[in-house]
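I have placed the structure first, in the form of structure tokens, so that the comments after it can refer back to it.
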Amino acid sequence: MNQAFKKAASEKAKLVSEAAVAQAGLVKEAAAGQAKIVLADILHALKHDHTAQLLAVFLVFCLICWEMPGVSTLLYPFKLFVTIIHEICHALVTRATGGQVAAIGIFAHREGVTLTRDGFMPLMAMAGYLGTSIFGGLLIWWGRKPENAKLVLYSIGVVILAITAFYVGGGWFSFLCSLAIGGTLLAVSKKCSDRFCHYFLLMLAVMTTLEGLVSIEELFLISALTDGHSDAKIMEGLTQIPAVV
């Protein structure tokens with residue numbers, strides 16, 4: 001009886017193991033097939049879609065110039081733009097969850113701070129990096145149609161100027177930086193050609209999404225090697241999950 005039971009259990013375990021291996025193989029094949037489809041779509045876009053080609057050119061340019069001495073200065077205003085978007089995302093989620101925004105500060109070394117009261121802190125803490133990444137994706141989406149570029153730039157400029165008027169504090173640099181970036185977006189949308197506005201929007205899209213990816217590395221190093229303040233440290237205090245995670 002015991003031997004029959006052991007034999008049946010062994011056979012069942014073998015069948016379960018074989019089914020698991022087969023399922024894993026199917027998942028692997030599905031993932032590989034999906035990856036091939038995505039890669040084929042990207043290659044097709046790079047060959048035939050002008051917007052995709054421009055995004056690729058701007059991406060290569062930004063990667064080359066990101067930390068290059070002297071040349072990286074060209075990207076400095078765009079990096080400040082991303083910092084502003086990061087802090088605006090904190091502010092918007094704070095307001096959306098019932099909190100109050102006391103002030104937004106932007107600093108010359110491209111860091112920022114949003115002073116808040118109340119609200120749902122876990123969402124507020126995550127909003128900066130996740131919100132910036134989502135916004136970068138939206139910029140790419142909006143940039144698919146060149147005729148939308150002027151309206152998109154104008155709208156972003158208005159929002160930044162409105163945020164500046166109500167919330168931006170922390171010294172003259174914060175105020176002047178936000179005012180200059182918001183005003184520049186309005187001026188570009190009003191004075192420049194449709195083509196230039198399209199190029200400018202795509203550059204903002206590349207910088208915003210790229211900064212979101214680079215921030216992962218920076219946040220990991222800050223969390224792993226220092227006790228410096230960061231959104232990840234805030235999440236650690238709320239969840240007790242290490243900031244590195």
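The values are calculated or read from the model by the stated rules, or taken from the named source; none is laboratory data. The model shown is predicted, which means the values in this text are computed figures rather than measured ones. So basically every Cβ, Gly included, is an ideal-geometry build from the backbone, and we count neighbours across all protein chains shown. Heads up: the accessible areas ignore ligands, DNA and RNA and are worked out on the full protein's heavy atoms, side chains in. Shrake-Rupley method; radii C 1.70, N 1.55, O 1.52, S 1.80 Å.
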Going highest first, how would you order 87-94, 66-73, 116-123 by mean Cβ packing within 10 Å? 87-94, 116-123, 66-73
Using the Cα atoms of segment 113-164 to build a convex hull, what is its mean projected area in square nanometres? 4.4
Please express the Cα-Cα pair-distance distribution P(r) of segment 95-213 as a list of whole percents, one per 5 Å bin, running from 0 to the bin with the greatest distance. 2, 11, 17, 21, 22, 16, 8, 3, 1
Linear extension gain, F196 paired with R95, 0.36 nm per residue minus alpha-carbon span: 32.9 nm
Contour excess over end-to-end distance, with Cα ends at T239 and L138 and 0.36 nm allotted per residue: 33.4 nm
Beyond a 32 Å Cα-Cα separation, which of these cross-linked pairs lie in this structure: K79/K191; K28/K145; K36/K191; K79/K145; K47/K233; K28/K233? K28/K145; K36/K191; K47/K233; K28/K233
Rounding to the nearest 20 debye, state how big the charge dipole of segment 82-218 is about its Cα centre with +1 on each Lys and Arg Cβ and -1 on each Asp and Glu Cβ. 500
Determine the equivalent ellipsoid of segment 29-77 by diagonalising the alpha-carbon gyration tensor, then write out the semi-axes as square roots of 5 times the eigenvalues, largest first, rounded to whole Å. 31, 14, 6
Virtual spin-label span in nm between I37 and V21, 7 Å along Cα→Cβ: 2.9
Carbon and sulfur: what percent of the chain's accessible surface (1.4 Å probe)? 69
Please identify, among L26, L75, L151, the residue showing maximal mean-square fluctuation in a Gaussian network model of the chain using a 10 angstrom Cα cutoff. L26
Rounded to the nearest whole number, the per residue volume of the convex hull around the C-alpha atoms of the chain in Å³ is 198
Let's see if you can work this out: charge +1 on each Lys and Arg Cβ, -1 on each Asp and Glu Cβ, no other charges. What is the dipole magnitude of the chain about its Cα centre, in debye to the nearest 20? 560
If I stretch the segment between S10 and A45 completely, what's the gain in nm (0.36 nm per residue apart, minus their alpha carbon distance), one decimal? 7.4 nm
Could you work out the relative contact order of the chain? I mean the mean sequence separation of Cα pairs under 8 Å and 6+ apart, divided by the number of residues, in percent. 18
With contacts defined as alpha carbon pairs under 8 Å and 6 or more residues apart, what's the relative contact order of segment 1-128 in percent? 16
Relative contact order (%) - criterion: Cα under 8 Å, at least six apart; region: segment 114-245: 32
Over segment 1-139, with neighbouring protein chains present, the accessible area per residue in Å² at probe 1.4 Å is 64
Cα gyration tensor shape for segment 1-133, rounded if a/c is under 1.5, else prolate or oblate: oblate
Based on the Cβ-Cβ distance from C65 to V214, what FRET efficiency comes out when R0 is 22 Å, to the nearest 0.05? 0.95
